[in-house]
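A.B. asks: Have a look at this one.
Nothing in this text is a laboratory measurement; each read-out follows from the coordinates by a stated rule. Keep in mind that this is a model prediction, so the values were computed, not measured. Heads up, the Cβs are rebuilt from the backbone with ideal geometry, glycines too, and the neighbour counts pull from every protein chain shown.
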Amino acid sequence: MAALLREVLLPHLLRAEAVMFASTQTGHARWIAGLILARGEARITQRDVVQAYGPLRSPESRRELLEVMESLVSMAWLQPEPQSNPARPAAGWSVNPAVHTTFAARAAAERAARQVARDAVAATLRRKTGSIG
């Protein structure tokens, strides 16, 4: 019975929950988590995110960006860095080192997927501009 719960029911329950409760913010958080894993760095800033991720680039999206980063804080992926002015929102976060060790396989897959995407963009640009190389 325990094996049935663990191997069949739990994966279906988790998938159903992911589908039912998915939101735009969840998608943003997953993308930023992928960025964190792909880069493997010990900290990330608002600037890093907006330079790498178009959907949260506009100034109007700053509040949403901070909400997404707060969700990563609540999942223990990030820790906000102290601000000199406590009234201002965090501009940088320390990455929990356990994230990189726990998700090492996912990080490798994320780096590979991002390299494939970069290569595809470069190939398209070469075709469009007629460049060779």
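A.B. asks: Would you kindly state how much longer the chain becomes between Thr129 and Ser94 on full extension, computed as 0.36 nm times their sequence separation minus their alpha carbon distance, in nm to one decimal?
C.D. replies: Values: separation 35, 0.36 × 35 = 12.60 nm, distance 4.06 nm.
Result: 8.5 nm gained on full extension.
A.B. asks: Lys and Arg at +1, Asp and Glu at -1: add these up for the other residues within a Cβ distance under 15 Å of Leu37 and post the number. Show your work: numbers first, answer last.
C.D. replies: Details: positive: Arg30, Arg39, Arg43, Arg106, Arg111, Arg114; negative: Glu41, Asp48, Glu110.
So the surrounding residues net to +3.
A.B. asks: May I pose another question? Going by a ≥ b ≥ c, the root eigenvalues of the Cα gyration tensor, does the range 26-129 fall in the rounded group (a/c under 1.5), the prolate group (a/b larger than b/c) or the oblate group?
C.D. replies: On the way: a/c = 2.51, a/b = 1.44, b/c = 1.74.
Since a/c reaches 1.5 but b/c is at least a/b, the shape of the range 26-129 is classed as oblate.
A.B. asks: Further question on the same structure: Give me the net charge for the shell around Pro80: Cβ to Cβ below 12 angstrom, other residues only, Lys and Arg +1, Asp and Glu -1.
C.D. replies: On the way: positive: Arg43, Arg88; negative: Glu70, Glu81.
Taking every other residue near Pro80 into account, the sum is 0.
A.B. asks: For the range 26-77 and the range 79-113, compute the distance between their C-alpha centroids and round to whole Å.
C.D. replies: Comparing the Cα centres of the range 26-77 and the range 79-113, I get a distance of 9 Å.
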